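The values are calculated or read from the model by the stated rules, or taken from the named source; none is laboratory data. Note that the structure is a prediction, hence the values are computed from the model and not measured. Counting neighbours? That spans all protein chains shown, and the Cβs are built from the backbone with ideal geometry, glycine included.
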Amino acid sequence: MTELLKNLHPHPPFSLVDEKAFILLEHSMQIAYYPDDTILIDQGGVCDRVYIVIKGAVESFRDEEVVNIYHENDIFGGEEILKEQPSKERYLVTQELICYELEKEPFLQLCENYPSFKEYFFSSIIQKIELIKQKKEFASMSDIMLARVERSILHKPCVVTHDMPIKEALQIMQDQGVNSLLVKNIKGYGIVTDADLRYFILNEERKNLKVISDIQSYPILSLREGAYLFSALLFMTKNSIKHMPILDDEENILGSLELIDIMSFFSNQSYLLSTQIDKASSIEEVVDAASRLDIMISSLYTKGVKSRYIAKLVNEINTKMYNKLFMLIFPESWRSKMALLLLGSEARAEQILRTDQDNAIIFEDGFEPKDAEEYCDIFYDTLEKIGYPRCAGNVMLTNPKWRQSLSGYKHAINEWIDNPIQKNLIDMATLFDSRVIAGREDLHKILIDYMFESTANSANIIRYFAKPIESFESALGLFSQFVTATGEHKNEIDIKKTALFLIVHGARVLALENGIRTTNTYDRIKELNNLGFLNREDSRDILQALIAINTLRLGAQLKKRENGEHIDNYVSIENMGKMDKDMLKDALKTAEKFKQIVSYHFKLSSLG
Amino acid sequence: MLSTFFRRQNEKSLKDERFAPLFDKNVPKDECVVFDTETTGLDKRRDSIISIGAVKVKQNKILSNEALNILIKQDSLINKESIKIHMIRNCDLEAAVDIKEAMEEFLFFIGNRTLVGYYLEFDVAMIDKYIKPLFGIKLPNKQVEVSAMYYDKKIKFIPQGNIDLRFDTILKNLCLPKLNSHDALNDAIMTAMMYLKLKNIEKIK
């Protein structure tokens, strides 16, 4: 078989057939060349073969609108043949094309012999995501295997001297709530665990056991910091031990590694993380634990967990973290008089990798502490240490604008409505996407109620609010090419501006209009479906598109982080596989459609 | 014309009537055969052909579905150096055929079509070396050299330039996919792509 043909094998739908199918392909496919502007299939024309792009690009148009773009290894024409319909689109060569051509007959034969091959042509975006997920799962399980023993996973060592009376030592164990005790001997360490205590209880009298070194297991097995977590797991399993001290290079004990923690690391690090945050009694400990969140995200992603569920989990852990920080940083007397809010993507529970700090405080009316700035600065610094960069738009509680009394915010809302300029509309969107993370929920509820009321009473504000949805163009709608960015971001598209924003903002505006309180975009879309504003099919498509966009974005961001690059919202088209590309195209189309629904609903075209 | 003279001489010396169609003057328009051979070395006299890959090109299409891919039995073992290049080991030659059978198959395949190739002269000379004693003729077909086509289009852009005519360079400049394996059929297909593309463009940047 020629290499050119073999090259198709990794790409769906050809990954779904066996060698026998390839022999059929070898005996039926031809390679064709078409110069620019060739019409391969006309709109309304009959398609008699399937095209597989080897090099070049083809765009499909419905009337004058670009519907799809096909690059290397992309396939088209199959759906038309299978549906036995004239083509709804015109396929035009936009970049000199070299392609494989498979005639209708052998194509149908393949479809008959390989149902999964046939199904590919009907598969929805969700199924395509499944295929990609499987691929990713397969790809890099190795990440998690390469995790090393770090201090953050260790438990504080509880060390006692060898001559301490047993009962006294047990009391220390009890007080500190630890599962094991390290015994410092004249030479080296010993360990006391549950098993040793059983031995003590059974043999205390008979063997005259007095001091802790009488019952210790000695010498102890230990590992150095930096060992692979996976080898630690093997080592502990092999020696049937559940607790093991970890030493630094100078043989000092750093802490104790617990088998249960390793197990949970390999199954799901979230458990470990959240316990650590719960246990934390200082800001530093919270910082330590929270800094490890990113590792968890990577491992979950490589395991193929849907970005939406990762976001949920991250959200749970972040909620815990913010609560803990709220308790640790703000004076007790304040806590009953304020609400700590998250804004933006974090409030929508859609943030996965940390982007920037978006937070605010509502104070009860009449309570405006003078030293607020001082505490807010500590809060800001702590978040920065954890890895939340400064918010470029300065939407942070260190900014007096986002640290106001309830009536202060109400004034602001009035002003925004009276003067709907861009800056104010952004602020409004930011505040509308907010959520209480700690403190008084009722303050926030009053504020959002006020927002619903005052926007409902103002004739045009909601339309102005919706307007920005028209300011970003879909990467497929306007530009004839997939790739839109130039310069530094050549061959990349800004997935946030061209797709994500359309869906998020559309859902936000409709939520404001319809009194929907939930801030999460998925939930907003579902709610809009329940209210009958969106039909089932549209809302399903939008949700799927959102999943696709977030999955692609997360993938790109993780890759950038791995390479030490700046994390942004650009997704590279160049090295994207066919599946990802298909998924992205479908998602972009859906986002554009949703934008049109919103534009039409608010009659934005008639708004200056 | 002298070439007509040689052509007639060639035709007269044909010993096997089955190959008379090679001299048919009614050459199909817009059809050609792109081919490539793998040999044990670059010495026309001493080295022998190991495999032949050929595809027909009809208008804008490479008929890869009816490609020719022949492996040829060797008198002696292939030496290590050439195995490294074309990756055909002695054990890969189990499906191989006699040189005579291979030449017959090849000649039937090409008929009177124009031959296209990359450094075609060498491949043609290798074929001639076998068919002259077997059938009394040399290849009478019209020949088109892809690297010359490339040169002509490229020179329009850089009139005084030194033009790199390496296979991979041409592929790259024509934006064609690069393949890793270099067997005769893969190379013939790549060359066919070059040919189609060169036929359709005016000049190359």
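Against the list (1) surrounded by fewer than 18 Cβ atoms within 10 Å (Cβ to Cβ); (2) out of contact with any helix residue (DSSP H, G or I) (no Cβ under 9 Å at 6 or more places or on another chain), the condition B:LYS100 fails is (2). Scanning segment A:5-16 turns up at least one residue that is touching a Leu at 6+ places or on another chain (Cβ under 7 Å), outside any helix (DSSP H, G or I) and modelled with pLDDT under 90. Restricting A:LYS581, A:LYS560, A:LYS603, A:LYS595 to residues that are in contact with a strand residue (DSSP E or B) (Cβ under 9 Å, 6 or more places away or on another chain) and within 30 Å of A:ASN535 (Cβ to Cβ) narrows the list to A:LYS581. Spot the failing condition for A:GLU101; the list is (1) farther than 21 Å from B:ASN65 by Cβ; (2) assigned to a strand (DSSP E or B); (3) charged (D, E, K, R), and only one is missed. Of the numbered conditions (1) farther than 21 Å from B:ASN65 by Cβ; (2) assigned to a strand (DSSP E or B); (3) charged (D, E, K, R), the odd one out for A:GLU101 is (1).
Of the candidates B:ILE137, B:ILE158, the single residue that is surrounded by 13 or more Cβ atoms within 10 Å (Cβ to Cβ) and of a type outside the set (Ser, Thr, Tyr) is B:ILE137.
Restricting segment A:1-52 to residues that are touching a Pro at 6+ places or on another chain (Cβ under 9 Å) and among the polar types (S, T, N, Q), the residue that is surrounded by the most Cβ atoms within 10 Å (Cβ to Cβ) is A:SER28.
Only residues that are more than 13 Å from chain A (Cβ to nearest Cβ), surrounded by 16 or more Cβ atoms within 10 Å (Cβ to Cβ), hydrophobic (A, V, I, L, M, F, W, C) and not in a strand (DSSP E or B): list them for segment B:49-78, please. B:ILE78 - this is the single residue of segment B:49-78 that is more than 13 Å from chain A (Cβ to nearest Cβ), surrounded by 16 or more Cβ atoms within 10 Å (Cβ to Cβ), hydrophobic (A, V, I, L, M, F, W, C) and not in a strand (DSSP E or B). Just give me the residues in segment A:144-179 being part of a loop (DSSP other than H, G, I, E, B), more than 21 Å from A:ASP288 (Cβ to Cβ) and either aliphatic (A, V, I, L, M) or in contact (Cβ under 8 Å) with a residue 60 or more places away in the chain (or both), in sequence order. A:MET164, the sole residue that qualifies.
Within segment B:163-181, the presence of at least one residue that is more than 26 Å from B:ILE50 (Cα to Cα) and away from chain A (no Cβ under 14 Å) is confirmed.
Applying a threshold of 7 Å to beta carbon distances and a minimum spacing of six or more residues, or different chains, the list of pairs starting in segment A:270-291 at a residue that is buried (at least 22 other Cβ atoms within 10 Å of the Cβ) and ending at one that is at pLDDT 80 or above and not in a helix (DSSP H, G or I) reads A:VAL286/A:ALA280; A:ALA289/A:ALA280. When segment B:171-181 is filtered for residues that are within 13 Å of A:LEU4 (Cβ to Cβ) and surrounded by 16 or more Cβ atoms within 10 Å (Cβ to Cβ), the ones remaining, listed by number, are B:LEU171, B:LEU176, B:LEU179.
Conditions tested, residue by residue: (1) over 16 Å from the mean Cα position of the chain (by Cα); (2) outside any helix (DSSP H, G or I); (3) closer than 19 Å to A:SER345 by Cβ.
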position	(1), (2), (3)
A:THR519	yes, yes, yes
A:GLU527	yes, no, yes
A:ILE542	yes, no, yes
A:ALA556	no, no, yes
A:ASP582	yes, no, no
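For segment A:61-79, a residue qualifies if it is of a type outside the set (A, V, I, L, M, F, W, C), assigned to a strand (DSSP E or B) and buried (at least 22 other Cβ atoms within 10 Å of the Cβ), and exactly one does: A:TYR70. Restricting segment A:45-65 to residues that are among the hydrophobic types (A, V, I, L, M, F, W, C) and more than 12 Å from A:TYR34 (Cα to Cα), the residue that is nearest to the other protein chains (Cβ to nearest Cβ) is A:ILE52. Which ones in segment A:490-517 are in a helix (DSSP H, G or I) and of a type in the set (D, E, K, R)? Across segment A:490-517, the qualifying residues are A:LYS496, A:LYS497, A:ARG508, A:GLU513.
Of the residues making up segment B:187-200, not a single one is in contact with a helix residue (DSSP H, G or I) (Cβ under 6 Å, 6 or more places away or on another chain), among the charged types (D, E, K, R) and either within 14 Å of another protein chain (Cβ to nearest Cβ) or closer than 27 Å to A:GLN30 by Cβ (or both).
Can B:SER51 be described as in contact with a helix residue (DSSP H, G or I) (Cβ under 7 Å, 6 or more places away or on another chain), modelled with pLDDT of 90 or more and more than 30 Å from A:GLU96 (Cα to Cα)? Yes. Criterion applied to A:LYS370, A:LYS385, A:LYS410 was being over 30 Å from A:ARG553 (Cα atoms), modelled with pLDDT under 90 and either assigned to a helix (DSSP H, G or I) or not β-branched (Val, Ile, Thr) (or both), and the one residue passing it is A:LYS370. Among the residues of segment A:333-345, the ones that are in contact with a Ser or Thr (Cβ under 8 Å, 6 or more places away or on another chain) and under 17 Å from A:ARG403 (Cβ atoms) come to 4 in all. The set of residues in segment A:393-405 that are assigned to a helix (DSSP H, G or I) and surrounded by 20 or more Cβ atoms within 10 Å (Cβ to Cβ) contains only A:TRP402.
Residues in segment A:44-86 that are of a type in the set (D, E, K, R) and closer than 27 Å to B:MET193 by Cα: A:ASP48, A:ARG49, A:LYS55, A:GLU59, A:GLU72, A:ASP74. Could you go through segment B:11-30 and let me know if any residue there is hydroxyl-bearing (Ser, Thr, Tyr), under 23 Å from B:ALA95 (Cα atoms) and assigned to a loop (DSSP other than H, G, I, E, B). Checked segment B:11-30: no residue is hydroxyl-bearing (Ser, Thr, Tyr), under 23 Å from B:ALA95 (Cα atoms) and assigned to a loop (DSSP other than H, G, I, E, B).
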